[in-house]
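The structure appears below as structure tokens.
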Amino acid sequence: MKSKRRSHGSFADLVDSAKVVVCCGSGGVGKTTTAAAVAIEAAQRGRRVCVITIDPARRLADALGIAGELGNDTTRVVLPEGEMWATMLDARTTFDGVIRRHARDEKQVDRILGNQFYVNVASRLSGSQEYMAAERLFELHNDDRFDLIVVDTPPSREALDFLEAPQKLMNFLDHRVYRWLIAPARGGLKVLNIAAQPILRTIGRVIGADVLADAIDFFQAFEGIEEGFRARAEEVQTLLRSPETRYVVVASPRHDTVNEAMYFVSQLGRTGMDTSAVIVNRLQPRFGKHSATKLRGAIKRLEAESPDSDELVLHRNMADLVAVADAEDKSIEPLLTFAESAIVARVALRADDVHDLTSIGSIGREIFGDR
Amino acid sequence: MVAGKGGVGKTTVTAVLATAAADVGLRVLVVTLDGRPGLAALFGANASAGSTYDGDIVASGRGPGKRGSIHLRTLSAGEALQDYLATQGLARLAKRLVNTGVVDVVASAAPGIDDLLVLGKIKHLVGLAGPDGPHDLVIADGPAAGHAISFLRSPSAMATTVRGGPLRSQAIEIDGMLRDPARSRVMLVALPETTPVNELSETAATMTSEVGVALAPVVVNGVDRAGDVEALVAAGRVMDDDFGAAARFRATRCAVHSREVERLNSLLGNSPIELPHVPTAGLTARDVERLARILTEQVS
């Protein structure tokens with residue numbers, strides 16, 4: 001199936017000119033595989049690519065050679081031609097790196113990294129994973145070894161979860177909460193805010209006083225880091241909004257995921273971001289050009305004339321597949337109209353699992369429109 | 001509680017299960033945790049303006065004695081936490097708590113507290129179930145992708161970290177409900193493909209051994225079976241034309257599906273419930289009804 005070319009260029013132009021490609025979309029649409037496929041194709045076009053994957057299924061991680069990797073190592077992916085690397089996002093290690101970079105001294109690093117509240121923030125606070133994906137993207141973007149970074153994003157129903165993660169995390173770590181909990185008293189000594197006390201007592205009763213003490217200790221330890229942290233978050237934010245960063249929305253042809261993809265496109269648009277491309281994955285392939293109406297007629301005739309024939313079985317099978325393909329075309333139509341300025345790629349459903357570099361590569365060729 | 005990774009049809013299975021239950025005369029309360037729009041449409045009800053439900057009736061007068069019905073209710077983790085803080089004497093400050101980010105601080109200080117509170121609400125609803133209560137069965141469309149394990153583990157985790165107080169006793173009670181197969185079961189959903197089957201069997205093992213919940217039969221969604229087409233291809237009775245290519249494609253997919261259902265069967269040690277592939281791009285209420293009948297046949 002050929003990728004449909006519009007007047008807006010092609011995937012080849014996109015990966016040749018972009019510095020960053022962000023693949024977004026809801027869970028279960030094949031985003032991770034798609035990101036890998038785009039990276040492979042870009043590498044074969046001569047770009048030095050690194051793909052950041054988020055929680056890949058084991059067989060995909062195996063295919064990329066990153067299964068069981070810990071930390072933030074980039075691993076060379078062996079391709080017949082081109083230079084490609086892959087890495088798995090380790091949000092915690094990335095967060096630790098951010099703290100190390102901005103801290104005054106080792107003591108402050110130890111105090112923060114050893115704090116249980118920090119551990120929870122780094123691993124569980126909503127938005128942390130998104131921000132660390134963006135942070136990692138920024139680091140690799142500044143790494144001379146790579147020309148292009150392709151990033152898979154954490155599964156989400158909100159495109160803004162990724163785009164606004166730096167801001168969101170900044171707000172969380174910002175003075176506001178802290179200032180509210182801890183007010184500076186005369187003489188520069190910090191004491192617990194009296195106005196906040198009943199709340200602190202209640203919160204302490206709910207979650208435990210020691211847990212609360214950890215939180216307060218964390219905010220105290222974090223003091224002095226915010227400035228560097230904020231400056232970095234702004235740089236990351238700027239990269240996410242730069243014209244060198246392109247957004248690719250990945251969808252499947254099902255009604256619900258099409259709606260979610262449209263929501264992504266509109267959210268991107270609202271923040272001034274264009275959706276450069278839409279990839280519709282797992283489309284029922286067509287075998288020739290057979291219309292549902294004609295097939296129905298033929299099936300009726302065969303049912304009357306030769307009800308036990310192979311022909312009838314084959315026609316019914318074709319009718320089933322055409323019904324799905326027709327329904328899918330209808331289902332994705334609003335998305336294609338809505339994202340009218342985007343490049344559109346259609347990827348056919350594979351009869352079997354996609355789990356090695358060869359099959360991922362075949363998806364890449366389909367996205368780029370040359371088989 | 002219906003659980004599974006993104007894209008496997010968790011919401012479909014929730015709708016099918018609820019319909020099947022209403023058709024045997026049960027009054028069902030469907031609880032959705034992520035406010036997925038379109039759930040009401042799967043029951044043939046007009047899609048309400050928003051994507052959140054507050055006990056909306058989407059089916060009634062079903063099954064024996066026309067007693068069966070389906071209600072929808074949305075529960076959100078953020079709201080559960082706010083509500084809880086409000087009941088703890090912070091009602092006046094609830095709004096300010098959100099605006100200042102204190103709610104986020106609490107959720108980070110005690111990870112899983114929001115999950116625990118949602119489970120607390122579910123437990124409350126389960127407690128109301130019975131002949132004299134407002135419903136007979138609660139079906140929860142589980143949390144989004146991958147979170148099911150940490151979600152269900154939140155009570156036991158909380159019971160170990162929090163030393164005393166109302167939260168701890170609540171955590172222990174909820175954990176008790178989750179471990180009691182008479183009160184709650186987790187229904188895992190997968191697609192008949194290699195990666196989803198691998199992930200499901202890992203999740204099933206963790207659920208039973210580490211989380212300690214009882215599993216309902218596993219559901220495999222979208223299974224394509226076309227024995228007649230497979231037989232033709234196997235016998236070499238297809239040509240090199242479009243029809244032959246279509247038949248080979250279908251036969252390959254069917255073979256993958258039967259292989260994966262079989263593999264799941266041997267991994268789990270019992271046969272999963274199979275819901276057939278529906279040739280469409282989105283299920284209608286009529287499809288859900290048909291799938292509900294198929295589910296009922298396999299369970300009885």
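FYI, it's all coordinate maths here, none of it is from the lab. Not measured: the values here are computed from a predicted model. Glycine gets a Cβ as well: all are built from the backbone with ideal geometry, and neighbour counts include every protein chain shown.
Give me the one-decimal nm value for the distance between modelled label points at A:Arg270 and B:Arg67, 7 Å along each residue's Cα-to-Cβ direction.
4.6 nm
At a Förster distance of 56 Å, what's the computed FRET efficiency of A:Thr93 paired with B:Arg293, Cβ-Cβ distance as r, to 0.05?
On the way: r = 51 Å, r/R0 = 0.91.
E(calc), rounded to 0.05, equals 0.65.
Where both residues lie in the protein assembly as shown, what percent of DSSP beta bridges are antiparallel, nearest 5? Walk me through the intermediate numbers first.
Details: 12 of 60 bridges.
Of all bridge pairs located within the protein assembly as shown, approximately 20 percent are antiparallel.
If you plug each phi of segment A:24-35 into the Karplus form 6.51 cos²θ - 1.76 cosθ + 1.60 with θ = phi - 60°, what whole-Hz ³J(HN,Hα) values come out, in order, with x for Gly and Pro?
My calculation for segment A:24-35 gives 10, x, 6, x, x, 9, x, 5, 5, 4, 4, 4 Hz in order.
Tell me, what HN-Hα J-couplings in whole Hz come from the Karplus equation 6.51 cos²θ - 1.76 cosθ + 1.60 at θ = phi - 60° for each residue of segment B:2-8, using x for Gly and Pro?
9, 9, x, 5, x, x, 8
Taking all pairs of different Cα atoms in segment A:330-371, averaging 1/r and flipping that mean, what Kirkwood radius in angstroms comes out?
Its Kirkwood hydrodynamic radius stands at 11.9 Å.
Within a 10 angstrom radius of each residue's Cβ in B:190-197, how many Cβ atoms of other chains show up on average? Whole number is fine.
Numbers: counts 0, 1, 0, 5, 6, 9, 3, 1.
For this peptide, the per-residue mean of nearby foreign Cβ atoms is 3.
Please report the spacing between the Cα centers of segment A:236-250 and segment A:29-59 in Å, no decimals.
Comparing the Cα centres of segment A:236-250 and segment A:29-59, I get a distance of 17 Å.
Could you grab the relative contact order for segment A:286-328? Cα pairs under 8 Å, six or more apart, rounded to a whole percent.
On the way: 22 pairs, mean separation 21.6, N = 43.
Here the relative contact order equals 50 percent.
For segment B:124-143, list residues with backbone N below 17 Å from a point placed 7 Å from the Cα of B:Ile57 toward its Cβ?
Counting only backbone N, you get B:133-137.
Counting DSSP beta bridges in chain A, what percent are antiparallel, to the nearest 5?
20 percent
So what's the projected area for segment B:184-300, the Cα convex hull averaged over all directions, in nm²?
Details: hull surface 35.7 nm².
Taking the Cα atoms of segment B:184-300, their convex hull projects to 8.9 nm² on average.
What are the extents of the Cα atoms of the protein assembly as shown along their three principal axes, listed from largest to smallest and rounded to whole Å?
On the principal axes, the protein assembly as shown reaches 99, 69, 43 Å in Cα extent.
Using Cβ counts within 10 Å as a stand-in for footprinting exposure, how do A:Phe146, A:Phe162 rank, fewest first? Mind dumping the intermediate values first?
Details: A:Phe146 20, A:Phe162 26.
With the sparsest Cβ surroundings first, the list reads A:Phe146, A:Phe162.
Work out the FRET efficiency for A:Glu69 and A:Ala304 from their Cβ-Cβ distance, taking R0 = 56 Å, and round it to the nearest 0.05. Mind dumping the intermediate values first?
Details: r = 62 Å, r/R0 = 1.11.
Given R0 = 56 Å and the Cβ-Cβ separation, E is 0.35.
Alpha carbon centre of segment B:169-202 versus segment A:255-332: separation in Å?
Their Cα centres are 34 Å away from one another.
Please compute the average number of Cβ atoms from other chains found within 10 Å of each residue's Cβ in peptide B:240-249.
Details: counts 0, 3, 7, 10, 2, 5, 13, 7, 2, 9.
Partner-chain Cβ atoms within 10 Å, mean over residues of B:240-249: 6.
In terms of the ratio Rg/(2.2 N^0.38 Å) built on C-alpha atoms, what value belongs to segment A:208-325? Write out the running numbers ahead of the final one.
Values: Rg = 27.9 Å, N = 118, 2.2 N^0.38 = 13.5 Å.
The value comes to 2.07.
Mind jotting down the distance between the C-alpha centroids of segment B:249-274 and segment A:110-164, whole Å?
37 Å
Along Cα→Cβ, 7 Å out, is where each label goes; now give me the distance between the ones at A:Ala209 and A:Asp143 in nm to one decimal.
4.7 nm
Starting from the 7 Å offset along Cα-to-Cβ, what nm value, one decimal, do you get for the label separation of A:Leu160 and A:Asp352?
Computed distance between label sites A:Leu160 and A:Asp352 equals 4.5 nm.
Suppose only helical runs count, i.e. DSSP H with n ≥ 4. What mean residue ellipticity at 222 nm does that imply for chain A under -39500 (n - 2.57) per run, divided by all residues and rounded to the nearest 500 deg cm²/dmol?
Numbers: 17 runs with 202 residues, N = 371.
That comes out to -17000 deg cm²/dmol.
In whole Hz, what ³J(HN,Hα) sequence does segment A:47-53 give by Karplus (6.51, -1.76, 1.60; θ = phi - 60°), x for Gly and Pro?
Those phi angles translate into 8, 8, 10, 10, 9, 9, 9 Hz.
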